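Asker: I'd like to ask some things about the structure below.
The values are calculated or read from the model by the stated rules, or taken from the named source; none is laboratory data. Small disclaimer: the values here were computed from a predicted structure and weren't measured. Backbone-built Cβ (ideal geometry, glycine too); neighbour counts: all protein chains shown. Surface accessibility is based on the protein's heavy atoms, side chains included, excluding ligands, DNA and RNA. Shrake-Rupley method; radii C 1.70, N 1.55, O 1.52, S 1.80 Å.
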Amino acid sequence: MKSYGQLCAVARALDVVGDRWTLLIVRELLIRGRARFRDLQAGLPGLAPNLLTQRLRDLEGEGVLRRERGTPRSDYILTERGRALEGVVRELLKWGAPTVRDAPADAIFQMHWLSMPAAHLLRDSQPERGAGCVRFGDPADGFDVLVGDGAVRVGPCDGGRTPDAVVKGPGAALVGLVQGALPLERAAAAGVAIEGDVEALRRILPAG
């Protein structure tokens, strides 16, 4: 990595994570917990394999992630120092949220990317109800929202769990739904498909 050559904590941080794609690699590992090389490739469309290899090598050298070698697979995992970047990514998420609506029409969308804003925006508006689960997408690309006792927890899809509702649709509409900008009553017209208990989804959505 090329250094800014400045005795400044901001500049030094950017020396480590300021290169293109680097924080998106961190994003993927924050979402997935652990990932194989091919998982990272799938979640970072447009990133050439050789550049991904170099970025991973650089981040490992800086102590941001480690490679856990095993049989039959090797996983990349954030170190404690790498996980400390979650606050940085969260602030970028908040700062960038208003700009999503102006993204190019051909911008790529993957469902698991939505899990990060979902974790901060969704709420249990009916804590008196029992535990529930709403799935966005599917196990190949998606996440589960577990709700109960006034709390919401977002994590990878659990293939052994039967969700109360499954939500799919175009990225722009789903982002609007999670942000509270798209009312649930208008979701179908925007291309959102909901299978199962619609009220389970309504329970976790922002008031708008």
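Asker: Please go through region 75-113 and give me each residue that is touching a helix residue (DSSP H, G or I) at 6+ places or on another chain (Cβ under 8 Å) and among the hydroxyl-bearing types (Ser, Thr, Tyr), ordered by number.
Answerer: Tyr76 - this is the single residue of region 75-113 that is touching a helix residue (DSSP H, G or I) at 6+ places or on another chain (Cβ under 8 Å) and among the hydroxyl-bearing types (Ser, Thr, Tyr).
Asker: So which helices (runs of 4 or more DSSP H) stay within region 92-208 end to end and still have 2 or more residues that are small (Gly, Ala, Ser) and touching a residue at least 60 places away in the same chain (Cβ under 8 Å)? Reasoning before the result, please.
Answerer: Numbers: elements: 115-121, 171-179, 198-204.
In region 92-208, the matching helices (runs of 4 or more DSSP H) lie at 115-121, 171-179.
Asker: State which residue pairs qualify: first residue closer than 16 Å to Arg20 by Cβ and inside region 51-75, second residue of a type in the set (S, T, N, Q) in any location, beta carbons under 8 Å apart, and separation of 6 or more residues or different chains.
Answerer: What qualifies is Leu52/Gln41; Arg55/Thr22; Asp58/Thr22; Leu59/Thr22; Val64/Thr79.
Asker: Related question: Collect the residues in region 170-196 that are closer than 15 Å to Gly137 by Cα and not hydrophobic (A, V, I, L, M, F, W, C), keeping them in residue-number order. So that I can check it myself, show each step before the final result.
Answerer: To start, the set of residues in region 170-196 that are closer than 15 Å to Gly137 by Cα comprises 170-175, 177-178, 191-196.
Matches in region 170-196: Pro170, Gly171, Gly191, Glu195, Gly196.
Asker: Can you tell me which of (1) under 20 Å from Gln110 (Cβ atoms); (2) modelled with pLDDT of 95 or more; (3) not acidic (Asp, Glu) is the one Ala172 doesn't meet?
Answerer: (2) is the only condition that Ala172 fails.
Asker: Further question on the same structure: Among the helices (runs of 4 or more DSSP H) contained in region 1-45, which hold 3 or more residues that are open to solvent by less than 70 Å² (accessible area, probe 1.4 Å), of a type outside the set (Ser, Thr, Tyr) and in contact (Cβ under 8 Å) with a residue 60 or more places away in the chain? I'd like the intermediate steps shown before the answer.
Answerer: Details: elements: 9-17, 22-32, 37-43.
Correct list: 22-32.
Asker: Can you tell me which residues in region 92-102 are open to solvent by 50 Å² or more (accessible area, probe 1.4 Å) and more than 27 Å from Arg67 (Cα to Cα)?
Answerer: Listed by number, the residues that qualify are Lys94, Trp95, Pro98, Thr99, Val100, Arg101, Asp102.
Asker: Quick one: which of Leu114, Leu122, Leu85 is more than 23 Å from Ala173 (Cβ to Cβ), of a type outside the set (Asp, Glu), surrounded by 13 or more Cβ atoms within 10 Å (Cβ to Cβ) and at pLDDT 95 or above?
Answerer: Answer to the check: Leu85.
Asker: So Arg66 fits all but one of (1) of a type outside the set (S, T, N, Q); (2) at pLDDT below 95; (3) assigned to a strand (DSSP E or B); what number is the exception?
Answerer: Of everything listed in (1) of a type outside the set (S, T, N, Q); (2) at pLDDT below 95; (3) assigned to a strand (DSSP E or B), Arg66 misses just condition (2).
Asker: Before we move on, is Thr53 of a type in the set (Ser, Thr, Tyr) and open to solvent by 30 Å² or more (accessible area, probe 1.4 Å)? Can you show your working first?
Answerer: Numbers: of a type in the set (Ser, Thr, Tyr): yes; open to solvent by 30 Å² or more (accessible area, probe 1.4 Å): yes.
Spelling it out, Thr53 is indeed of a type in the set (Ser, Thr, Tyr) and open to solvent by 30 Å² or more (accessible area, probe 1.4 Å).
Asker: Another question about this same structure. For region 125-151: of the residues being on the phi < 0 side of the Ramachandran plot and among the charged types (D, E, K, R), which is most open to solvent (accessible area, probe 1.4 Å)?
Answerer: Taking the candidates together, the pick is Glu128.
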